[in-house]
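Here is the structure we will look at.
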Protein chains: 2
Amino acid sequence: MPNVKNNVAAQETRRKLIEAAGEVFAERGLHAATIKQITDRAGVNTAAINYHFSDKFELYAAVIRHALSLTLERRSAARTMGSHEQQLRAYVAEVIGDLYDSSLPAWRTTLLGHELAQPTAALDAVVDELIRPRARFVQSIVRGIAGSKVPEKQVLRAALSVWAQCFILVYNSELIRRLNPDVLRDSEGLVEHITEFSMAALVAMRKRYQGGRHRR
Amino acid sequence: MPNVKNNVAAQETRRKLIEAAGEVFAERGLHAATIKQITDRAGVNTAAINYHFSDKFELYAAVIRHALSLTLERRSAARTMGSHEQQLRAYVAEVIGDLYDSSLPAWRTTLLGHELAQPTAALDAVVDELIRPRARFVQSIVRGIAGSKVPEKQVLRAALSVWAQCFILVYNSELIRRLNPDVLRDSEGLVEHITEFSMAALVAMRKRYQGGRHRR
DNA sequence: TGAATAATCAAAACAGAATTTGAATAATGC
DNA sequence: GCATTATTCAAATTCTGTTTTGATTATTCA
């Protein structure tokens, strides 16, 4: 167990391990991935994992934290600005943009997708820091568009509808690609579509509840 | 390897194994689940897996096929009947209803969700028999609502939007429950919401393209 | 009924992977 | 420069889980 970590080469080993582990865990999953596959790809000795992370699961947890911080860092500043529609478009663009951001490693979203489908102890951090805040944010945008007359229950459902469209594209992109590769090719078109589709539905919802008791 | 399988007790062993394996695979995932956990739960000897399925992965494949056939069997007959809106509602009700069907084992959707997020060789069957036909079906309903003026590209995107709302609820229900347990409590309310949300968006899309060249 | 075959079982063998070890090497601080 | 501590390494070890074995029991059908 290292007490002090000020060696720059040692930090590099650690970094290489996280990067290689991210790739391998994303390809194979936590349990199917082996220490040897990871250390081979990182070009380090197997004992390095125990030395730097104590065991395989701690390495996995570090990789998840890393994926999380990379994702959180890239949020654009453009929040809660402009019209409701602009807010919605900005949010959708931020989430979808994640998928097309080639400056970040591609394994991030795959790995987070695995964790969301088959949770380990690391899920808490993912939900608390990434998923829940975003779900809340969508709720606030939806409330802004739907207006104060729409009951909270409906706002929550509508937020889920908006959120689901983005979620699928980011965390099930491989499945989408398999069903229809073309749909993922045009990122801006997708952002535009999700925004307009959702706006139309939300404006209709607002109208339905407008002016006291709602119809039907 | 059994050449003849006409023993009723042996068939029962096979059935118990698939049932127990379904539960354990859904709880732990293919790789984390152990033969022993499965055979203990089924109350049979470990060698039974090799005897009946030759190996762990063949058992897994049999479980996936079973989950698939259970899901396909329960489709309601009420297809392509009534107005477009009724078709859409019927489809949403069918998919969402899957989640609330207590006559079928609860591990089905969890297991299929795992397979969709972390594919194995068994994914092909799931996509070909369940996912793709349903995606196509949604596309045909969406085309019916949007009308012939809307370009195919937009129809595909809109179908994805509709499909995503259902997909998330079924295959990420644990995540949804974690974010907001209430939203899943009212199945009929959900079906109604998704139908109305989508109808409003699709009708707006139809209008946008109505009468020759579309606006903006 | 009893020979042939199917199915089950406990225990053993095997395989693959995680972890530990102890030595060797590199870096650090006095 | 040297003692101390950190890091890396190849090999050994331990651990965990899958698969096989060979004996035993149950079933089938002539």
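The values are calculated or read from the model by the stated rules, or taken from the named source; none is laboratory data. Predicted model only: the values in this text are computed from it and were never measured. Counting neighbours? That spans all protein chains shown, and the Cβs are built from the backbone with ideal geometry, glycine included. Surface areas here come from the heavy atoms of the whole protein model, side chains and all, with no ligands, DNA or RNA. Shrake-Rupley method; radii C 1.70, N 1.55, O 1.52, S 1.80 Å.
What the table shows:
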item: Answer residue from the stretch B:198-207, given it is touching a residue at least 12 places away in the same chain (Cβ under 8 Å) and open to solvent by 10 Å² or more (accessible area, probe 1.4 Å) and is farthest from residue B:162 (Cα to Cα) among those; result: B:206
item: From A:157, A:178, residue being within 15 Å of residue B:166 (Cα to Cα), among the basic types (Lys, Arg) and at the interface with chain B (Cβ under 7 Å from one of its Cβ atoms); result: A:157
item: Odd one out for residue B:150 among (1) in contact with a Lys or Arg (Cβ under 8 Å, 6 or more places away or on another chain); (2) open to solvent by less than 10 Å² (accessible area, probe 1.4 Å); (3) within 11 Å of chain A (Cβ to nearest Cβ); (4) within 19 Å of residue A:165 (Cβ to Cβ); result: (3)
item: Test result for residue B:115, surrounded by fewer than 17 Cβ atoms within 10 Å (Cβ to Cβ) and modelled with pLDDT of 95 or more; result: no
item: Unique residue being in a helix (DSSP H, G or I), open to solvent by 50 Å² or more (accessible area, probe 1.4 Å) and away from DNA strand C (no atom under 14 Å from the Cβ) when the list is A:41, A:15, A:75; result: A:15
item: When residues of the stretch A:35-88 are limited to those that are within 14 Å of chain B (Cβ to nearest Cβ) and under 25 Å from the mean Cα position of the chain (by Cα), the one farthest from DNA strand D (Cβ to nearest atom); result: A:85
item: Filter result for the condition that a residue is aliphatic (A, V, I, L, M) and under 21 Å from residue A:134 (Cα atoms), over A:203, A:155; result: A:155
item: Looking only at the stretch B:126-146, and only at residues there that are more than 13 Å from chain A (Cβ to nearest Cβ) and open to solvent by 10 Å² or more (accessible area, probe 1.4 Å), the one that is farthest from residue B:204 (Cα to Cα); result: B:129
item: Residue within the stretch A:159-170 that is more than 21 Å from residue A:83 (Cα to Cα) and surrounded by fewer than 20 Cβ atoms within 10 Å (Cβ to Cβ) present; result: yes
item: From the options A:49, A:64, residue that is of a type outside the set (Lys, Arg), near DNA strand C (Cβ under 8 Å from one of its atoms) and either outside the structural domain of residue A:131 (by TED's automatic domain parsing) or open to solvent by 70 Å² or more (accessible area, probe 1.4 Å) (or both); result: A:49
item: Selected residue (only one of A:104, A:184 is closer than 22 Å to residue A:62 by Cα and surrounded by fewer than 19 Cβ atoms within 10 Å (Cβ to Cβ)); result: A:104
